[in-house]
Structures are given as C-alpha cells and as structure tokens.
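For reference, the structure discussed in these notes is given below.
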Amino acid sequence: MLMHEDRLFPADPTTRRIARSLYEQVRSLPIVSPHGHTQAAWFAHNEPFPDPAKLFVQPDHYIYRMLYSQGVTLEDLEIGVEQIQNPRKVWRIFASHYYLFRGTPTRLWLDFAFETLFGLTESLSAKTSDLYFDTISEKLQTPEFRPRALYERFHLEVLATTDSPLDSLADHQIIRDSGWPARILATFRPDSVVDPDFTGFADNIATLGAQTGEDTAHWSGYLKALRQARARFRSLGATATDHGHPTAQTANLSEPEAAQLFITVLSGNATAAQRELFRAQMLTEMARMSVEDGLVMQIHPGSARNHNRKLYERYGRDVGADIPMPTNYVDALRPMLDLVGNERGLTIILFTLDETAYSRELAPLAGHYPCLRLGPPWWFHDSPEGMMRFREQVTETAGFYNTVGFNDDTRAFLSIPARHDVARRIDCAFLARLVAEHRLSEEEAAEVAHDLAYKLVKAAYRL
Amino acid sequence: MLMHEDRLFPADPTTRRIARSLYEQVRSLPIVSPHGHTQAAWFAHNEPFPDPAKLFVQPDHYIYRMLYSQGVTLEDLEIGVEQIQNPRKVWRIFASHYYLFRGTPTRLWLDFAFETLFGLTESLSAKTSDLYFDTISEKLQTPEFRPRALYERFHLEVLATTDSPLDSLADHQIIRDSGWPARILATFRPDSVVDPDFTGFADNIATLGAQTGEDTAHWSGYLKALRQARARFRSLGATATDHGHPTAQTANLSEPEAAQLFITVLSGNATAAQRELFRAQMLTEMARMSVEDGLVMQIHPGSARNHNRKLYERYGRDVGADIPMPTNYVDALRPMLDLVGNERGLTIILFTLDETAYSRELAPLAGHYPCLRLGPPWWFHDSPEGMMRFREQVTETAGFYNTVGFNDDTRAFLSIPARHDVARRIDCAFLARLVAEHRLSEEEAAEVAHDLAYKLVKAAYRL
Amino acid sequence: MLMHEDRLFPADPTTRRIARSLYEQVRSLPIVSPHGHTQAAWFAHNEPFPDPAKLFVQPDHYIYRMLYSQGVTLEDLEIGVEQIQNPRKVWRIFASHYYLFRGTPTRLWLDFAFETLFGLTESLSAKTSDLYFDTISEKLQTPEFRPRALYERFHLEVLATTDSPLDSLADHQIIRDSGWPARILATFRPDSVVDPDFTGFADNIATLGAQTGEDTAHWSGYLKALRQARARFRSLGATATDHGHPTAQTANLSEPEAAQLFITVLSGNATAAQRELFRAQMLTEMARMSVEDGLVMQIHPGSARNHNRKLYERYGRDVGADIPMPTNYVDALRPMLDLVGNERGLTIILFTLDETAYSRELAPLAGHYPCLRLGPPWWFHDSPEGMMRFREQVTETAGFYNTVGFNDDTRAFLSIPARHDVARRIDCAFLARLVAEHRLSEEEAAEVAHDLAYKLVKAAYRL
C-alpha cells in the first residue's frame, strides 16, 4: 500500500482519534475548486488524456524543477516538445529519481493518484517504472478516465479555470451548450492587459479594443473595455478575478494622472517605476470594478518570475524557475484600502509566498478590514507543513472565518482529490490539537472542519 | 464547563504529566503586572464597573476588530459613544458572533473570566446572550466586583499603568494617600512629548514647560523638563519608562545638532526624515537618563498606527486598525548601543511585532549586550502559539535569563488573571517538552518555571 | 547522569520508538566534518590541550557571549589574555553561571563532552566547579586526550579547517608528512584578500603577490595569484572554498570594469558601495574558478560583524558580538546564477542566519538550480529547534537531496561528537515524525537518515 488511512494525522493517540473523527465528517464532502489551472478544453472535448509522461511529468513544474535541480536536463524530459518522442524513457527518468520527492507534497499527491486511480500499490522506482507506465497508459484509454468521468468521480461541485480577458471562452461555452451539468467556471485574469511587463502588452490591449469595440488607445476606453470583458466572463458564470503581480503595491492616482500614465506605458517607454505604478493603479481599478460588479478579487503577489535567464530564453515562462521574494502588504495595500477597505460588498482574497507576512501583516489586516480574506497557503507552501504553519500563524489573530478554505491551484487535474484530501487532513489535525489541548470543544471543531472544507469557500467566492 | 483543568498542555501523556506538575508549582504565585493599560482612577475611586458591554466589548479592540472584519459596524457596537444607549443589544451582537473567536486567545481570556468570575458554564452564543448579560450585570453591582476587591482576588502584587508625562498622577496619589496597601505604579510614557507626529506635539511640550517651570522652547530646558517629569514619576514609585515608536531607530547626534533639530521639529516644519531622526535621538536621550536615574526602558516598535484612514478620521486612535510592519533592530539600535550598550546598570527591554526578529536579531542582541532583555510576545503574539514560538525561537540563543517574564499589556482588567494563566501554562508546556525530551531535568524546569512566572519580572523591572 | 539515551527524541512513544530505531542505524557512522575552525597545529604537534578554562571557555564565544550578556566582564574571564592567570577562578565563574545555558545547545554539547569524555555525571555548578576542574585537568595530561588520539576516538573520517590564502599550510604539510593516516583538509577562505573591509586588505594582496610571484597590483595578476593559491590548497587535498560576506550580493562586471574597480578598492579610496560591489564581483570570480578547478563553494552571508564597537576596539574580531541581519538571496545571487547557475559540474552551498529565507528563497532556489545546495542550519541555528525548523521549512520544496548533511563549524574540538550527535538525533526525530504520520516508510526513512549523516556530505563536498 502507498497510502495509510491515518496519514498526516498526529501520532499522539488521543489527538489522532480526534483528527480521524473530524476527518470522517468531511472526507466525502464535494470538492469546490475555486482557483486552478486546468483546461476547459478537456471538458469541452472530453478526449482521453495522453500517456503518463505527458500527463504527469511534462505539465508539472513541481516535478521537473526537482529533477532539474539534481542534474536531469529538460532535454532529457522532452520539456517544451510538442509531441513527446519517447514517453517511456521520460517516465523511466522520472521513476528512477522518484526518491528525490521523499518528504515533499508532490510525493503525497502522486501516490494518492497512483493508488486510488490506477490501483498501484508498490512504490514508483526504476524497478516498477514499466509496470506504472503500462498500467496508467492502459487505464487512460478507458471511458472511466475521460475528463468528464473523472470530474464526476472526483465529486467536484465547482471547478474554476484561469483565463485571459482575450480568451474567447469558447470551450466554456461548449461545456454550457452541451447540457453536461457540471460547473466549470472561468476566472478573469487580466495580467496580459494590465501588466506592462507582460509579453505583447500593447498588442494585447489593441486586441482587447478590437474584441470589445472600445478605443483602448485611451484610458477611458481601456477601462470600458475591461468592464465589458468582465461582464462577458460574468455572463458565463465567473465569480472571481485573479491578479498575479510581482508585488502587492496599489496606487490611487487622479484620473488625469492615470490617463497620462496609461499613454506612457502603452508607448513602451515607461520606466520600471512607472510600470510598477501602473500595475499598482490597476489593482485599485480592478477593486473599484469589483465593488460595482461583485467579482471577488484574488491577489497573488511576490514571485520573481523567470529567475533562470538561460532557461527563460530557451523555454519561456513557467518552467519552475519562479522564486518567491519578500513581500510587503501593510504599506503596499494602503492606497487601495483607503478607497475601498471598508466596503462590505467587496471581497479581496490575499495570498503570499512570503510566510513572514502571515502573523505580521496578513492576519492583522484580514482581522480588521471587512473586505479582506486570506487565501490558503500557496504554491511552495501548499504542503502539510506549510498548511500547518498557516493555521498556527494566522488563526489566533484572524480566526478561521477570515480564511476561505482551500485552493488546489493546479495544472495537474489528477492531483485535485489528493490536494483537497491533504488540506482536509491537515485542517483536521490542527483542529484535533486544539481539541486535545482543550482550546476548542470537539463539537465546535467539527463545525469548523466542515466550514473549512466546504462552506467558507462557497461563501467567499460567491459560489 | 468552559475550561478544562489541562487546557493548553500538550496531549502526549508523559509531557502533560510534567506540564501539570510544573504548573502546580506556579499557578498560585502572585501576579506581577509590570506593563499595562488599566486606569488608576478605578482603584482611586473604587466605583463599580458598568454594564457588560461597556466592560468587555467597548474598550477591547481585540474584540471589535474581529467583529468589524466580519461586517459588524462600529455604530452597531456603539463604539466612541460616551454613554451606551443599548448595552443589551450590543452584547447580543457580540454573543451571536462569539464563534468568530474560536482558536483565538480572546476566547480563552473571556471564557476564563466568564467561568471563574461569573460562574458561567455554558458557552456564550445568541441563545445565552441574556443569561450572560443579566448574570454579569448583577454581579458587577456587588462589593466583590469593585476594582480593589478584584485586585486582591486576582492576587496582584504589582500593577503598572501607562501614563503621559503631562498626567498629574492625581489618581496614583489618591491611592497612595488612601492607605490601601496595593502597589499600583505609573509608567513614564513620553510619546506625546517626544514624537513630533503625536497630536498636539508642540502644545504638549509647552504644557510640559508650564508644569515643570523649564524653558521647553529650547533643547536644554526640554531635557531638564523631561528629567523633572521622570523624577516626579519615580517619587510615586515608577520603575520604568515605555516608548511606542514606529521603528526602533536610534541616533546619537552632537549636542548642537540635537538642539537645532529640536527647534525644527517644534516649528512644525520638519520633514518625515527629521521627525524620525528626532524620535531616534530621543530614544538615546531616554537611555542616557535611564543610566542616571535607573528607570527601566521599554521599547515597543513596529506598528503602523491608524492604518484605516476612514475609521481614524471618524473615531481617532486605537480602534483596532494598527498593523505590524517589518522591524529592524540590528542597525537601528546601533547608535544607542554604541553609547550605552555595555552599561551594567541599565536595562532596556525590547518588544517586537515582527516575529522574524526573534531568532535573527533579538535573541542574538539580548544574548550579548548586558543592558538588553527581551520582553514577552506582544499584542497579536500574546497567544498560545505566539508564546510558544517566542520560547522556541529565543531560548536557544538568549536562554531563559535574558527574558523578563510576562506582560499582560491590557486595557481589560478582568482578563489579567486569564492572561497570566495562559503564559504560565505555555511556559510549563514548553518546559515540559524539554524535560520529556531529556534536554532539562524536571528539577531545573521547576526552577525555571518559577523564575519565568515571578522572579525574572521582579528583577528586570526592579520591583 | 547528565545525558539520557533518548534525549532529543519526541515524547510520543510511537514516534520515539521509530526515532530510536533510525538513530541506532546511524549513531556509529564515521564523522565527516567538512567545515570548521579547529587548528591544524593541534594535530601537527599533538601537544596536550591546556587547562579547562583555556580549552572550554576562552575560545568559545557561545559561552562568553552569554556570560557577558548577564554582567560577567571579559576581564573576569581573562578573554584576550595570552596566558590565563587564574584558570580555576575563570572556571568557577563559568560553573556558577552554568544555569544560564539551560535550554541552549551549548548545554547539550558541554554535558555530552563532560560525561562521555571525562566521566562526569553530576551537573556543573558552583558546587562541582573544582571537581570538574580537577578531573578535566588531570585527564588532559593523559595520552588518550592528545589531539590525534581524540581524532581517532571521535571516529572522524574527514576534518576540514578554514584557512587564509596567505597561510603556508605548514601544519597541514607536517600532518601529511607524518604518515598519520588521518584526513585533515584545508579550506580556502579568501576573505582577507577579497573583502576591502578586511583589516590589512591592501597589504594582504601585496603578500599574496609576493607569495605567488604574480603582479597583484593589477586585476589579471590578482586573479592569477588567486588561481595559484587555490591550486596550492588543492594539492594538499582541499576540496572547498568558503566566503564570509556581509551579504549574498553577486555581480557580473565586464573585465575592464572589474579591473578598474580593483584599482579603486586597492587604493583605499573606494566608497562603501564600491567595496560591496567588489565583494559581489569576487563571489562571481570565485564561482568561475570553481567551474574550472572543481572546488566546492560555500557562501556564509548575513552577519553584522563586530556590532559592539567598544568591545571591538578593545578585543578585536570574534568576541560574540556578531549579529545576524535580514538577508536577500533571490536578487543578490542573480548575476552569478545568470552566469553559472546551470553548470552541472559546479556546487555552491548556501548558508543563512536569516531563517525567513529557508522557505521563501533558499529552498525554491536549491530546488531548481543544479549548482545550488543548502548548507545545514548555521551558528545561532545549529541547535535542536533550529535544525527542526530547517527540515520543516526546507524539505517540502527542496527535498532532502538538495541538502548536504551537517557542519559542526566549531572552534571547540571537544564538542564535535556532541554536535554531530545532536544533528543525527534531530534528523531521526524529524524522519520519525514523517514515518509516524505515514508520509514516508520506515525503510525509506532509514535510507534518508544514513544519507543525511554520511552520504550527502561526502558527495556534496567531493570527499
């Protein structure tokens, strides 16, 4: 067996018994996944997933980041190759390095998928590489492993994707039109048209103008176009926006200042400070629009993207070389909060890659401002220890009810149940300790466990 | 029952047994409270406390901060209202939101007071709101609930207040004159006359001049006036000063530079940098005076005060919108430490809202400089997890003996026993783990537990 | 007894049983000590160690830092005195303050040495001071306590020293020539000739020129001289370099820029920014040379050296007044990593005094770049809690295999077995928790424990 029924529960027998009992009450709840990076196309077309290498290794930068750090080349893994030439060989490299993942969440997620979906019970290694490859390959061809069947098997209630304002959302429309009663929702992620450092920024804005019929060469038309795009997302059920900025900086410029800055960044001649100021202003504009249209706003700051220059030049974005940076919230958010911080109709969900902000800035901010909530531990911190630190460092100041349940944030569709399972287990483990230390009654803990697994996410994301 | 006899002790039976045994040896020790925000007037006049809403909800920004974050308005809570119109209704709002405090220290403190002082054993909720209101209201009218009676019941040995140099300390004088044998001591908190950003700074300094008969329009008279004010506090038994600066920055200007800077800040035309430099210089001046007069110096840096502009404009200071900031000590304290760092007769107690400083800067500094000691976890970190992190991150470098026991730092008089009880339990829990892991003998741990609960605070604050 | 067989293992019986079993498999492995500050002279000449005060107190700034913080003067401890006048008195001061070390790693290391080497079983205190002094003094005169005998008794396999490029390495040569089959290796630590703030920088470079016959008045001759010095170290078996910079800043200047900057810093007229830029450039140069010659590179940034001005002026460097600072890696290392980050033949080991970098920057960097590995918790963090935080915060992102085992980093030869024992126990305790929580099989954990204690250090340091 790869997985033990009591995994992730504290070893102390009293605490474990409580954790187990809490978990039994939430383990079968539907999965609400309000933030992630799966493809609507999978569900629109419902084609079988390809081979194991293409499914597990190629899209998962958690995996090839680690392999790369230990000397495996991206060439060996055929990263960036449209059609993998030798998937079995790629799989074998992965299998023979699987020991590198000991103690990591990737290992937990994969073992969960291997065992519960594919019935594999011996650990992945060079020795079992082919067994894994063949077993997985075969199952992927069966109807039970088509995307829609898996969606249902995973007991998903909502699954959000992340989409550019330029996206036609055609696949989302196809899903809707198909009559398949699943709730797969787009999320409005405007980085490509609000971040002057995004590749093709000016062209993207021109395209946005063409798509919306607005004059995006000027500030007011640009804002109108964004409003239109948001409305289009909402008409397909979207409830949220997402913003992946390098910092959490916000600004509140006057209308003429903003209009002038827009001209400057559009010209391509803006300084780094002006580009940062523009991103800052756009967070505030997005917050203002959220007050109007009710879209929940997610802010994901603090990643130094594409840190490895050579890899970026050869392979482009998202190859596992994004590194977190120290992130300030207390000063950075002030201009936006001065404007909208006390709005009761607004929800802004904050994430961090800098765990030092949990107890110092994020919990105090969320424990005060009505519009603020804390997103779950993110990216590198979406892990048992990371989740536990989040609860330990956030709860005493912000409570449980200024948090929003779990995000899986994944490109790896097959890892979704595993990730939510880890989150539920860790939350139950944390609550069990509070119960065992007589800081909370077991009855209350059960209510909180349910809220963390199901209720808070639906409320926060307005689902 | 709201409270379990073993609360806050680790679940592991061996460790719990040790924690319980250590705690038994310190639970009944007198409470020494060297830093807090209770009112001397309560003890001078010994009037009954008002209704439950006025007593528990209105003065406690921990409480209404959380309620506010979840959409309750300050109007609903009648914050800032002199005379609460509908205390029962305010209490009901609080009661029906009491679940928000699950997992927070506020919940521990309140349950402790509810049960041990008022005999309430069913949890506070909408359902029990009136029962609580009536029970508490009734008891507050009895002689046993007058301030002096509670002081004695709480087994307080010392209780320090926090006072402006402009305060007449009349209430402290009344207490002294009354012959009541309690030790209620003022603390010299000069923010209003050393921080150019404090409301009414120049007027405050003029008042200080009038009160002391010194020429506070000039640097030397200003320093003399401060010396006089300190002497006045000492004559009433004060042993400490307290400094609530935005940063820990210190400076060591020449006398002419300082004199000129004083003129500039007094004129109201100083830049932000000059105002910060003046605060920095004044920390060093206060340290110099402490070398002379023996007052223990407390430095509380790192809070971005009044972060919520709209609330500040409407309600003023201290409405739960102060947010911690990253805080540097290693460079900031250097000018002051260059001057007085090696003084054996000086005690400077450092606090932080930035927990990252514990292991990186504060423990190494306190583990070297003879004048430095570490204050207990403060404000948002005065909590079970916060206290445990403090011990875990500080002890290995600074030991136990460069710390100073516990501060309750509270405006909420009724929470004092609860807060000290939490501190004693967590210290015993930490020590119990050291014993269980054979890092300390149980005999030594008992000695340390006693020192942390009683001896260190008396020594550090010279009580 | 001072030491319990189960010390540092978690109290939970299941977890403890697993920890014990893992530890049994690694406790007797040879000690590989790839980074430290013992003296080759001890082993070259094999003289008896002097008295207990000279052996334990005088060279150990962990000890006198703590004593100093509590009011003991360096005069009392005869620090900086060539020949201790009254070692028994110094020892008594230490003994009577031994309680200050409760909860610190120093206490663990010393008790280990006292009991296992000297057979002392009653705790050190004023009462046992003379017993300790006499017992230790007597044993130090026996052949079993000579340096070489202890090296063998400690089961050392490799012991690295830290040496200036100006050092003749005569003692290393004597050891080699003696035929004694121990592996005592120099480490190339060029701070004195690459850091313009190092005392005697220009003179040191002139000496380097004289020793190598290169024209070190110019950039190219300077680089050649460094290459020569590295080759000399390698010829005596050195496998690593070490760099103790205030920050982790690197730079990648053009050759003419670097040559010009070298002239400027050599002139003594460089600004602080230029001196920092030169250090930054030299890290990159050292990395470039490591690509050529295979020396493993260690970077130790983040200490504000000689923070106590008065002590520095009187006693010089390394008197316990070095205080950690916030340390950035993600931006600082970028210039160097742009150049050599993807080199598979290069190993750069990163250390930190700023624990916030573990999960935010160091683990993500090491979990991506092939050349990067993480050094063990360092200095103030070389402690049970510090080691546990390291594993908890690093493993989920970087795994175990981007770490390099343990460094004792000590001047105190007698503490080496104790320090490695603490590291092995804590690693086993961490692994035991993973096993007890079913995150790793016990079989895998045993393999990892062995790797952490023995295999990784040999691989990373190429020993």
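Observations on the model:
- Number of positions in region B:1-52 that are crowded, with 21+ Cβ neighbours inside 10 Å and at positive phi: 1
- Test: residue in region A:298-313 that is away from chain C (no Cβ under 14 Å) and of a type in the set (S, T, N, Q): yes
- Test: residue A:346 is in contact with a strand residue (DSSP E or B) (Cβ under 8 Å, 6 or more places away or on another chain) and within 27 Å of residue A:418 (Cβ to Cβ): no
- Restricting attention to region B:155-191, the residues being buried (at least 19 other Cβ atoms within 10 Å of the Cβ) and farther than 30 Å from residue B:246 by Cα number 2.
- Candidates in region B:318-350 are the residues that are within 29 Å of residue A:341 (Cα to Cα) and touching a residue at least 40 places away in the same chain (Cβ under 8 Å); of these, the one that is farthest from the other protein chains (Cβ to nearest Cβ) is B:318.
- Boolean, residue A:199 is in the same structural domain as residue A:345 (by the TED database), part of a loop (DSSP other than H, G, I, E, B) and within 28 Å of residue A:347 (Cα to Cα): no
- Taking helices (runs of 4 or more DSSP H) as the structural unit, those lying wholly within region A:38-149 and holding at least 1 residues that are more than 22 Å from the chain's Cα centre (by Cα) and closer than 22 Å to residue A:161 by Cβ correspond to A:40-45, A:105-118, A:129-140.
- Just one of the listed residues (C:443, C:392, C:437) is under 30 Å from residue A:321 (Cβ atoms), within 11 Å of chain A (Cβ to nearest Cβ) and either surrounded by 23 or more Cβ atoms within 10 Å (Cβ to Cβ) or modelled with pLDDT of 95 or more (or both), namely C:392.
- Exactly one residue out of A:243, A:300 is under 25 Å from the mean Cα position of the chain (by Cα), within 30 Å of residue A:77 (Cβ to Cβ) and not acidic (Asp, Glu), and it is A:300.
- Filtered residue count, region A:231-248, keeping only those that are over 22 Å from residue A:32 (Cα atoms) and in a helix (DSSP H, G or I): 2
- Candidate set from region C:198-232 (those that are in contact with a helix residue (DSSP H, G or I) (Cβ under 6 Å, 6 or more places away or on another chain) and among the acidic types (Asp, Glu)); member that is nearest to residue C:149 (Cα to Cα): C:214
- For first residues located in region B:23-42 and among the aromatic types (Phe, Trp, Tyr), partners that are in a loop (DSSP other than H, G, I, E, B) and lie 6+ apart or on another chain with Cβ distances below 8 Å form the pairs B:23/B:9; B:42/B:49.
- Some residue of region A:163-186 being within 24 Å of residue A:408 (Cβ to Cβ), modelled with pLDDT of 95 or more and basic (Lys, Arg): yes
- Among the residues listed as B:319, B:265, B:291, the single one being assigned to a loop (DSSP other than H, G, I, E, B) and either of a type in the set (A, V, I, L, M) or not assigned by the TED database to the domain that holds residue B:376 (or both): B:319
- Region C:264-282: number of residues that are closer than 16 Å to residue C:220 by Cα and among the aliphatic types (A, V, I, L, M): 3
- Residue in region C:365-374 that is among the aromatic types (Phe, Trp, Tyr), crowded, with 24+ Cβ neighbours inside 10 Å, at negative phi and within 14 Å of chain B (Cβ to nearest Cβ) present: no
To keep it simple, each residue is scored yes or no on (1) in contact with a helix residue (DSSP H, G or I) (Cβ under 6 Å, 6 or more places away or on another chain); (2) at pLDDT below 95; (3) closer than 26 Å to residue C:455 by Cβ; (4) not assigned by the TED database to the domain that holds residue C:412.
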residue	(1), (2), (3), (4)
C:22	yes, no, yes, yes
C:27	no, no, yes, yes
C:32	yes, no, yes, yes
C:41	yes, no, no, yes
C:54	no, yes, no, yes
C:80	yes, yes, no, yes
C:84	yes, yes, no, yes
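- Failed criterion for residue B:379 (all others in (1) within 9 Å of chain C (Cβ to nearest Cβ); (2) at positive phi hold): (1)
- Screening residue C:126 on (1) assigned by the TED database to the domain that holds residue C:259; (2) touching a residue at least 24 places away in the same chain (Cβ under 8 Å) shows it passes everything except condition (1).
- Evaluation of residue A:416 against (1) more than 29 Å from residue B:72 (Cβ to Cβ); (2) at the interface with chain C (Cβ under 10 Å from one of its Cβ atoms); (3) under 22 Å from the mean Cα position of the chain (by Cα) (one fails), failing number: (2)
- The listed residue being within 20 Å of residue B:370 (Cα to Cα), facing another protein chain (nearest Cβ under 9 Å) and either among the basic types (Lys, Arg) or without any contact (Cβ under 8 Å) to a residue 40 or more places away in the chain (or both), out of C:77, C:100: C:100
- Listed by first and then second residue, the pairs with beta-carbon distance under 6 Å, at least 6 apart or on different chains, first residue in region C:183-199 and in contact (Cβ under 8 Å) with a residue 40 or more places away in the chain, second hydroxyl-bearing (Ser, Thr, Tyr), are C:186/C:161; C:187/C:162; C:188/C:241; C:189/C:162.
The values are calculated or read from the model by the stated rules, or taken from the named source; none is laboratory data. Being a predicted model, the structure only gives us computed values, none of them experimental. With ideal geometry, Cβ positions are generated from the backbone for all residues, glycine too; neighbour counts draw on all protein chains shown.
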